[in-house]
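Reviewing the structure listed below.
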Amino acid sequence: MTGAGATSNTQRAIKVLRDLIFSGDLSPGSDHLETELAQRLGMSRTPVREAALSLQAQGLVEVRPRRGIRVLGVSPQDMREIYDVLTVLESHAAEQAAERAYAADQLLALKTAIDEMDAALARDDRAAWARADDAFHRELVRLGGNRRIEAIVAMMADQVRRARALTLYMRPSPVRSNADHRAVFAAIAAGQPGQARALHESHRRAARDMLVDLLARHRLQRL
């Protein structure tokens, strides 16, 4: 198959494999042959191979010639390094967003994400909270107005999301995280760049320390 059909199959394979990895059906450290995965997805090996190479670039799998595909674990050290980078980039985005003096309607998506996080916690829906949290961080970076920062943050998002999925029901209720988000939002809305940057730096560092501690304490990278 060539052209649009081949591209469509590759994209479908990427989506299905990502879903299997994030759900834990393809667990960290597990090994899989291309033929096995192709049969599971009901397609030929070619789109599975291309999907695996794409997921390898995202840090989710390792493609090993003649030995198949290994689903990578989540390393506390990797998470520490990723969060260090995200802290710098997102905090810069928060600062830039505050400098842009956005009108209230331009900040509506950011505020809506926070409201959805609060609503999710009120009904104890951690999965919905995580989706709203993702939306907040994506919108924060977008408001910073730097497309290269957006691209770098997006590249790291899957690894962060996966580590959080493993720890989502082990961590304390993320009430503090919601409060942090509201404080960052308030600083941006008030046009306080330094405050927005400092608040977001503190928020991301606290999230990093909590996540790294859970990964190390429960040895989740070895699952």
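Considering A151, A101, A130, the condition of being on the phi > 0 side of the Ramachandran plot and modelled with pLDDT under 95 is satisfied by A101 alone. The C-beta contact set for the stretch 174-188 (first residue more than 21 Å from Q106 (Cα to Cα), second residue open to solvent by less than 10 Å² (accessible area, probe 1.4 Å) and hydroxyl-bearing (S, T, Y), distance under 8 angstrom, 6+ apart or interchain) is empty. Please pick out the residue among E90, E50 that is open to solvent by 70 Å² or more (accessible area, probe 1.4 Å) and either modelled with pLDDT of 95 or more or not β-branched (V, I, T) (or both). Result of the check over E90, E50: E50.
Report the residue count in the stretch 55-69 for those that are under 16 Å from the mean Cα position of the chain (by Cα) and either touching a residue at least 40 places away in the same chain (Cβ under 8 Å) or part of a loop (DSSP other than H, G, I, E, B) (or both). Looking only at that region, the number is 5.
Rundown of residues vs (1) under 17 Å from the mean Cα position of the chain (by Cα); (2) of a type outside the set (A, V, I, L, M, F, W, C), yes/no style:
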site	(1), (2)
Q159	yes, yes
P172	no, yes
L199	no, no
H203	yes, yes
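Looking across the stretch 7-26, the residues that are open to solvent by less than 50 Å² (accessible area, probe 1.4 Å), over 15 Å from R45 (Cα atoms) and either free of Cβ contacts under 8 Å to residues at least 60 places away in the same chain or outside any helix (DSSP H, G or I) (or both) come down to L20, G24, L26. Taken residue by residue, the stretch 42-49 has no member that is in a helix (DSSP H, G or I) and under 26 Å from E150 (Cα atoms).
For the condition acidic (D, E) and closer than 16 Å to M210 by Cα, D180 qualifies. Each residue in the stretch 96-135 was checked for being aliphatic (A, V, I, L, M) and within 14 Å of N178 (Cβ to Cβ), and 12 of them qualify.
Mind listing whichever residues of the stretch 174-197 are of a type in the set (G, A, S) and over 16 Å from the mean Cα position of the chain (by Cα)?
Correct list: A179, A183, A186, A187, A189, A190, G191, G194, A196.
Looking across the stretch 98-132, the residues that are assigned to a helix (DSSP H, G or I), open to solvent by 50 Å² or more (accessible area, probe 1.4 Å) and without any contact (Cβ under 8 Å) to a residue 40 or more places away in the chain come down to D105, Q106, L108, A109, T112, D115, E116, A122, R131.
Conditions tested, residue by residue: (1) within 30 Å of L72 (Cβ to Cβ); (2) out of contact with any helix residue (DSSP H, G or I) (no Cβ under 7 Å at 6 or more places or on another chain).
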residue	(1), (2)
Q96	no, no
A103	no, yes
K111	no, no
R142	yes, no
M156	yes, no
Q159	yes, no
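Annotation note: Cβ proximity below 6 Å between a residue of the stretch 143-159 that is closer than 18 Å to R131 by Cα and a residue that is polar (S, T, N, Q) (sequence gap 6+ or interchain) occurs for D158/Q58.
What about L72, is it under 16 Å from the mean Cα position of the chain (by Cα) and closer than 28 Å to S177 by Cβ? Against the criterion (under 16 Å from the mean Cα position of the chain (by Cα) and closer than 28 Å to S177 by Cβ), L72 qualifies.
The values are calculated or read from the model by the stated rules, or taken from the named source; none is laboratory data. In this text, all values refer to a predicted model and were calculated from it rather than measured experimentally. Counting neighbours? That spans all protein chains shown, and the Cβs are built from the backbone with ideal geometry, glycine included. Surface areas here come from the heavy atoms of the whole protein model, side chains and all, with no ligands, DNA or RNA. Shrake-Rupley method; radii C 1.70, N 1.55, O 1.52, S 1.80 Å.
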